[in-house]
1. Could you give me the ³J(HN,Hα) list for the stretch 435-451, computed from phi with Karplus coefficients 6.51, -1.76, 1.60 and θ = phi - 60°, whole Hz, x at Gly and Pro?
2. If I measure Cβ to Cβ between cysteines in the chain, which ones have no partner under 4.7 Å?
3. What percentage of the solvent-accessible surface of the chain, computed with a 1.4 Å probe over protein heavy atoms, is contributed by carbon and sulfur atoms?
4. Please give the solvent-accessible surface of Glu363 in Å², to the nearest 10, using a probe radius of 1.4 Å with every protein chain present.
5. Rule-of-thumb check for the stretch 150-224: C-alpha Rg over 2.2 N^0.38 Å?
6. Under a crude label model (7 Å from the Cα following the beta-carbon direction), how far is Ala580 from Glu337 in nanometres?
7. Can you list residues from other chains, or at least 5 along the same chain, whose modelled amide H is less than 5 Å from the amide H of Arg711?
8. Along each principal axis of its Cα atoms, how long is the stretch 706-748 end to end? Whole angstroms, biggest number first, please.
Amino acid sequence: MTDWNPMPAVPLLAGAELPIPPGAARILTEGARSGKLTHLEHLPAAQGQRVGWPGWAPPEVTKAFEAAGVPGPWAHQAAAASHAAAGRNVIISTGPASGKSLGYLLPALTRVLDGGTVLYLSPTRALAADQLRMLSSLGVPGVRAAVVDGDTPYSERAWARAHASYLLTTPDMLHHSLLPRHARWDGFFRRLSCVIVDECHAYRGVFGSHVAQVLRRLRRVSAHHTSARAPGRDPVFILCSATISEPETCARLLTGLDAVAVTADGAPRGPVTFGLWEPPLTALRGEAGAPVRRTATAEAAGLLADLVIEGTHALTFVRSRRGAEAVALGARRSLAEAGAADLAPQVAAYRAGYLPEERRALEEGLLAGQITGLAATTALELGVNIAGLDAVLVAGWPGTRAALWQQAGRAGRDGRGAVAVLIARDDPLDTYLVHHPEALLNRPVEATVLDPGNPYVLAPHLCAAAAELPLTEADIALFGPEAAGVAEDLSHRGMLRPRKTGAGTRWCWTRSGRAAMTGLRGTGGPAVRIVEATTGRLVGTVDEPSAHVLAHTGAVYPHQGEMYLVTRLDLDDCVALVEACDPGYTTSARELTAIEVAATARRAAWGAAEVSFGDVLVTRQVISFARRRLDTGQPAGVVPLDLPPRTLRTRAVWWTISPGQRDELAGAGVDLPGAAHAAEHASIGLLPLVAACDRWDVGGVSADLHPATGRLTVFVYDGHDGGAGFAERGFRAARDWLGATVQAIASCECAAGCPSCIQSPKCGNGNEPLSKPGAVRLLERLLG
């Protein structure tokens, strides 16, 4: 469920007295008059449930919390802490600002004082650093905390190995450094008694699948080091998540272990008024003369300026670092145009990459009221105190319902009434959601989608595990039911060497050097280095398939808040040369795609039509890239590219109509190629409604007559080797997914198609042919 269990919709400010600041109410009233505000909902307040400190908690820990202003835990914090203290794995899945950290800190610090060690894992280095600052401020005697990441100097890393009892790091560092060198960390792993997996809802798709296998390797290494001293003493796992569906399943997929779920939120929260907002169409025209809607960032900048003028403390969440800067700049410009230039210093941007002192200055400015309008990426959630906000603007669908409620929940965090508004981007899913509030409200949030058994994910981790310690038959079972077949395949390929012993088969790594070379956030294989041409400085890395799309010659590549222009991509040397540059436009690669069906795993008959799921072989080639102006969203030209094709073995969902249905539509004058192409684009845009993915995680192919099926067919496939679980989720929810797709197309106010319904920014065919009315007819025929 959502964090606030929304009540039935309130009529659009029809004289209703809403519990929000007057300035925000005036802006919502104007939005309702103009038609931009499409829906309003009241989310009621909730009382907190405070309980006493558990009897097992040592006074050193409870007194530290009391000194920090925490008189006692909320009910859900105490429940989670007690489960962990009793040795039960637990996942805390509650709303934003509910204080999940106390739920794991209480048992974790207790175990440290009992002589154990704690490993804290976060998806970002910034969050780990923030957690270290919080631990230091608590000042619990006997707790020696340290961060170990790629930037940690050797001397500090050596100190952490020798002395740390509470180690904070990322899954990437655990994968690349700590596990391969586990013998050097023997003292730490031997006493490991607690593993904290923070922000675990971030571990989804291929990244989540990789992290799941890293955690299995961690369990194995920990058991190896503790077995001599304390047989059977396994560390307890504490996972923390935003509100998600099926948290027990998420914990089991990530760790391979059962866990108790704590979902009843005992923290107090104020009432929130939640609105849906659609920017207006402009006089500008895009591809094929399609109307262009005002960008979400431009609309957010205007609203943020209005809120600052009204004296309403507001925060805007933006998807990109550059977008955050653009919103802040646009808000200051709007203030100047409104004759309120003296308020411009009250507007600031916040993103990852700021120095600690800059972050502290920003927090102090927020607390003191010197900053009343802030534009930020989700990096703001990593430790900055933002209590007392009157309004939150979310510029563009953040990807999942869980993420939306996490961001909206930042409003009213001190118990006062507040407002949160989702501003739609010019995108099919955003457009659908602002016109179909029932898809957001009174609906459960998404379950985490990941597939640890993906052989393309599993294989490199079996090799890494065998390099850490020879694999046994029991170890193979630890990695899941697919591991035995993958290990056999690796043996045939000469990467693992099986050896029969009296205790069964053992597998050893056969190659010299490091086995843990696969990145967790890509598809494996050699990484392409992003190098600044003038200095030789390594800016970052991307996996080779992503380089075709993100780091091709001419691409604008954002990194740590800075913009770079790729001057040359050399796939042979695995390097992309860049120069620091902000050209004022974004780029998106365009691909041509062919697809073959390798095997059909499941099939569902919809009358004469069929929906299928199975294995496919995809051939893709980036042929060009498009430039789009950042300020207006207008196209700024297409540049051809000459890159080699690449193949992808993955999974797809596809649907077909019968020859009779096809003939019926053709006889009615439907442009079948254009209809299938438009339905493909729109269905890709709407897939995140039923699967926790981004439209860039998947791809599609459509054909009037596809050779693999002999019928009109639309494919949507996972964009990662072996699949990522998104296409399978689409197959399971196909009726809801495709039903929402046809509604999104039909309800769009454009005449012949636009980016809000059927146009795609990554179409290799330049969004030709497309037929909006044909797509509606085709999908209606499919759905019966």
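1. 9, 9, x, 5, 6, 10, 9, 6, 10, x, 6, 6, 7, 6, 9, 7, 9
2. Within the chain, the cysteines lacking a partner Cβ under 4.7 Å are Cys194, Cys200, Cys240, Cys250, Cys463, Cys508, Cys574, Cys581, Cys693, Cys763.
3. Its accessible area is 51 percent carbon and sulfur atoms.
4. Accessible area of Glu363: about 50 Å².
5. Dividing the Cα radius of gyration by 2.2 N^0.38 Å gives 1.11.
6. Result: 3.1 nm between the two label points.
7. His706
8. Reported extents, whole Å, longest axis first: 35, 26, 17.
The values are calculated or read from the model by the stated rules, or taken from the named source; none is laboratory data. Everything numeric here is computed off the predicted structure, so don't read it as measured data. Heads up, the Cβs are rebuilt from the backbone with ideal geometry, glycines too, and the neighbour counts pull from every protein chain shown. Remember, those area values only see protein heavy atoms, side chains included, never the ligands or the DNA or RNA. Shrake-Rupley method; radii C 1.70, N 1.55, O 1.52, S 1.80 Å.
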